[in-house]
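Reviewing the structure listed below.
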Amino acid sequence: MISVHNFPSPRICCIGAGYVGGPTMAMIAKQCPDIPVHVVDVNQHRIDQWNSSDLPIYEPGLQDVVEEARGRNLTFSTDVEGAIKSSNIIFISVNTPTKTFGIGAGRAANLEFIEKCARKIAECSTGHKVVVEKSTLPVRTAEAVKRILMSSANNATFDVLSNPEFLAEGTAIADLLNPDRVLIGGESEAAVEQLASVYGRWIPRERILTTNLWSSELSKLTANAFLAQRVSSINAISALCEATGADVDEVARAIGTDSRIGPKFLKASVGFGGSCFQKDILNLVYLCEHFGLNEVAKYWEQVVTMNDYQKKRFSARIVRTMFHTVSDKKIAIWGFAFKKDTNDTRESAAIYICRDLLEERARLTIYDPQVPESQIRAELTAVFQDTVGGLSEHHQRLIENNVLVSRDPYEAAKDSHAIAVLTEWDEFKRLDMTRVFHAMHRPAFLFDGRNILDAMHLASIGFEVHSIGRPSYRAGG
Ligand code: UDX
Ligand code: UDX
């Protein structure tokens with residue numbers, strides 16, 4: 001058992017006001033009204049949004065948590081230096097995207113922002129600070145961070161901790177309030193305990209796990225790799241279900257009742273997305289290759305390969321089913337976010353399905369309840385860009401002429417030849433599908449990439465329904 005220490009009262013800052021930093025700090029501030037929490041970011045626009053009633057991220061329950069603490073002990077600003085100086089616990093929560101250039105391109109994490117943060121902390125700090133890695137990082141990054149911090153000219157001293165975040169977008173507030181576990185990795189028992197005592201204000205102690213630094217860093221990559229692997233496993237089976245006439249949801253239910261397997265994370269889909277799964281697996285693959293563990297690297301890489309296959313399979317099925325051509329046909333895309341209850345579109349399967357359909361010259365009308373048009377267009381532009389950021393005239397024309405963004409699902413579906421459901425938003429289950437059907441061309445195709453709609457009921461209305469890993473249905477059998 002860790003002994004009780006006399007810590008200085010915590011004063012927290014977090015560099016990076018993104019999907020992780022923002023909600024996590026808001027929750028700490030809500031639960032610990034006496035602890036000042038400064039969230040800082042280089043992006044002025046993002047900070048302005050955090051200070052407004054129009055938060056930069058859509059996350060159920062977040063607005064209430066922010067409003068309770070903001071102005072009391074939670075502040076958002078771009079004053080990175082000031083926040084570092086006035087804090088004794090500094091979270092680093094900046095993004096670590098997959099490298100797009102140089103050594104390890106397409107696999108390794110780009111640590112540029114982490115290094116810049118560490119240098120900034122070294123430059124501005126005096127006294128003793130606890131630096132907490134919140135960003136998901138390759139194993140042994142803490143070592144590099146420590147070396148940079150030690151170069152501080154002000155005789156400041158540091159402890160480095162790894163405290164990976166396990167929240168899932170869309171359920172971030174519930175996950176933060178009641179996490180399965182909090183993981184803290186570090187060498188200094190006192191620093192670990194100081195951070196544990198912050199979380200201990202609302203999380204039972206037995207759920208706060210402590211490990212060494214490297215175990216903590218690796219656990220985050222491993223957790224995401226295992227979760228993504230489950231999705232790829234059930235998606236692999238969905239292909240076999242389509243070939244054999246089995247129903248993947250029935251298979252998932254049957255295997256999920258085995259307590260060793262468990263029912264969660266077995267929902268077949270058009271493919272996983274999000275900022276973490278693919279990036280973290282590629283990171284793991286790179287790490288294995290670095291240590292000469294080529295078989296291990298190949299094993300994990302297959303999870304991403306299967307996910308790419310699942311996305312390609314879905315768009316190819318749309319084209320094949322619609323008489324081998326979607327050219328000049330209108331397809332309504334329902335849902336663009338990578339999952340429901342978020343406005344995040346990073347690595348969303350929808351981006352790749354839309355790309356494939358646009359390459360086939362389909363006309364798309366996209367509806368998502370939370371994703372703004374500018375973001376949809378930016379994602380589609382990025383997916384067509386070449387490695388140096390160039391966009392051909394042909395692709396530019398496709399995005400300009402063949403993509404419409406609608407604010408209404410009925411309008412998006414009007415006069416369409418097909419609907420593709422790409423995000424499992426609850427509102428899609430409540431739509432008047434008879435009304436939708438009557439506004440569409442015949443045959444009215446519906447491709448349910450999330451298996452959320454009642455295919456038999458839709459077939460009785462007149463739709464021809466194709467889902468993931470389930471038999472297809474059309475009117476009259
Ligand atoms: C990111 C990583 O993707 C994830 O792996 C990690 O666990 C936590 O950080 P997220 O919060 O979703 O997750 O990223 P993002 O929403 O992009 O936010 C990062 C923020 O850091 C951005 O607002 C960016 O402006 C800011 N930033 C980046 C800085 O303030 N300083 C920098 O030097 C770089
Ligand atoms: C994930 C991890 O769950 C979280 O612990 C970590 O901190 C960050 O990465 P997130 O990406 O926000 O969280 O969402 P998650 O619920 O894990 O979904 C990821 C993707 O997998 C989504 O595209 C989702 O639609 C898909 N998915 C998930 C499925 O296709 N089927 C499932 O059964 C579960």
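The values are calculated or read from the model by the stated rules, or taken from the named source; none is laboratory data. Bear in mind the structure is a predicted one, so any value in this text is a computation, not a measurement. Note that we place each Cβ from the backbone using ideal geometry, even for glycine, and neighbour counts take in every protein chain shown. Ligands, DNA and RNA are excluded from the accessible area calculation, which covers all protein heavy atoms including side chains. Shrake-Rupley method; radii C 1.70, N 1.55, O 1.52, S 1.80 Å.
When Pro56, Pro97 are screened for being within 13 Å of ligand 1 (Cβ to nearest atom), within 30 Å of Cys288 (Cβ to Cβ) and open to solvent by 10 Å² or more (accessible area, probe 1.4 Å), only Pro97 passes. Pairing residues of the range 7-21 that are of a type outside the set (Val, Ile, Thr) and part of a strand (DSSP E or B) with residues that are away from ligand 2 (no atom under 16 Å from the Cβ) and open to solvent by less than 30 Å² (accessible area, probe 1.4 Å), at Cβ distances under 6 Å and at least 6 apart in sequence or on separate chains, gives Cys13/Ala83; Cys13/Ser87; Cys13/Ile90; Cys14/Val39. If the condition is being outside any loop (DSSP other than H, G, I, E, B) and either within 17 Å of Arg407 (Cβ to Cβ) or β-branched (Val, Ile, Thr) (or both), then the range 351-379 contributes Ile351, Ile353, Leu364, Thr365, Ile366, Tyr367, Glu373, Ser374, Gln375, Ile376, Arg377.
What residue, among those in the range 107-116 that are in a loop (DSSP other than H, G, I, E, B) and of a type in the set (A, V, I, L, M), is surrounded by the most Cβ atoms within 10 Å (Cβ to Cβ)? Filtering first and then ranking leaves Ala108.
Among the residues making up the range 337-369, those that are more than 16 Å from ligand 2 (Cβ to nearest atom) and open to solvent by 30 Å² or more (accessible area, probe 1.4 Å) are Arg355, Glu359, Glu360, Arg361, Arg363. Among residues of the range 253-280 being in contact (Cβ under 8 Å) with a residue 60 or more places away in the chain, out of contact with any Pro (no Cβ under 8 Å at 6 or more places or on another chain) and in a helix (DSSP H, G or I), the one that is surrounded by the most Cβ atoms within 10 Å (Cβ to Cβ) is Asp280. Step by step: first the residues of the range 258-280, then only those that are hydroxyl-bearing (Ser, Thr, Tyr) and within 25 Å of Asp356 (Cβ to Cβ), then the one that is nearest to ligand 1 (Cβ to nearest atom). Which residue is that? Looking at the filtered set, the residue picked out is Ser275.
For the criterion of being within 16 Å of ligand 1 (Cβ to nearest atom), of a type in the set (Asp, Glu), assigned to a helix (DSSP H, G or I) and over 30 Å from Val388 (Cβ atoms), Glu143 fails. What do you reckon, is Val139 more than 13 Å from ligand 2 (Cβ to nearest atom), closer than 15 Å to Ala223 by Cα and either touching a Phe, Trp or Tyr at 6+ places or on another chain (Cβ under 6 Å) or of a type in the set (A, V, I, L, M, F, W, C) (or both)? Considered against the rule, which asks whether it is more than 13 Å from ligand 2 (Cβ to nearest atom), closer than 15 Å to Ala223 by Cα and either touching a Phe, Trp or Tyr at 6+ places or on another chain (Cβ under 6 Å) or of a type in the set (A, V, I, L, M, F, W, C) (or both), Val139 comes out as yes.
Pairs linking a residue in the range 161-183 that is closer than 19 Å to Asn95 by Cα and charged (D, E, K, R) to a residue that is outside any loop (DSSP other than H, G, I, E, B) and at pLDDT 95 or above, with Cβ atoms under 8 Å and 6 or more positions apart or on different chains, are Glu165/Thr24.
Pick from the range 144-182 the residues that are open to solvent by 20 Å² or more (accessible area, probe 1.4 Å) and hydroxyl-bearing (Ser, Thr, Tyr): which of them is nearest to Arg119 (Cα to Cα)? By that ranking, first place goes to Ser151. Scanning the range 125-137 for residues that are closer than 18 Å to Phe91 by Cβ and either open to solvent by 20 Å² or more (accessible area, probe 1.4 Å) or out of contact with any strand residue (DSSP E or B) (no Cβ under 9 Å at 6 or more places or on another chain) (or both) yields Gly127, His128.
Scanning the range 295-325 for residues that are of a type outside the set (Lys, Arg) and either under 15 Å from Glu359 (Cα atoms) or not in a helix (DSSP H, G or I) (or both) gives Phe314, Ser315, Ala316, Ile318, Val319, Met322, Phe323, His324, Thr325. When the range 14-42 is limited to residues that are more than 20 Å from Cys276 (Cβ to Cβ) and within 12 Å of ligand 1 (Cβ to nearest atom), the one that is surrounded by the fewest Cβ atoms within 10 Å (Cβ to Cβ) turns out to be Val42.
Matching residues to (1) within 15 Å of ligand 1 (Cβ to nearest atom); (2) farther than 30 Å from Glu347 by Cα; (3) in a loop (DSSP other than H, G, I, E, B); (4) without any contact (Cβ under 8 Å) to a residue 24 or more places away in the chain:
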position: Asp64; (1), (2), (3), (4): no, no, no, yes
position: Ala105; (1), (2), (3), (4): no, no, yes, yes
position: Ala118; (1), (2), (3), (4): yes, no, no, no
position: Val130; (1), (2), (3), (4): no, yes, no, no
position: Val139; (1), (2), (3), (4): yes, no, yes, no
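The residues listed here are Asn224, Asn235; of these, the one that is under 18 Å from the mean Cα position of the chain (by Cα), within 21 Å of Ala297 (Cα to Cα) and buried (at least 21 other Cβ atoms within 10 Å of the Cβ) is Asn224. May I ask you to verify whether Ala122 is more than 12 Å from ligand 1 (Cβ to nearest atom), farther than 23 Å from Ser275 by Cα, out of contact with any Gly (no Cβ under 7 Å at 6 or more places or on another chain) and open to solvent by 40 Å² or more (accessible area, probe 1.4 Å)? So Ala122 fails the test.
Does Gly200 satisfy being open to solvent by less than 50 Å² (accessible area, probe 1.4 Å) and more than 26 Å from the chain's Cα centre (by Cα)?
Spelling it out, Gly200 is indeed open to solvent by less than 50 Å² (accessible area, probe 1.4 Å) and more than 26 Å from the chain's Cα centre (by Cα).
Among the conditions (1) within 13 Å of ligand 2 (Cβ to nearest atom); (2) acidic (Asp, Glu); (3) touching a strand residue (DSSP E or B) at 6+ places or on another chain (Cβ under 8 Å), Asp249 misses just one, which is (3).
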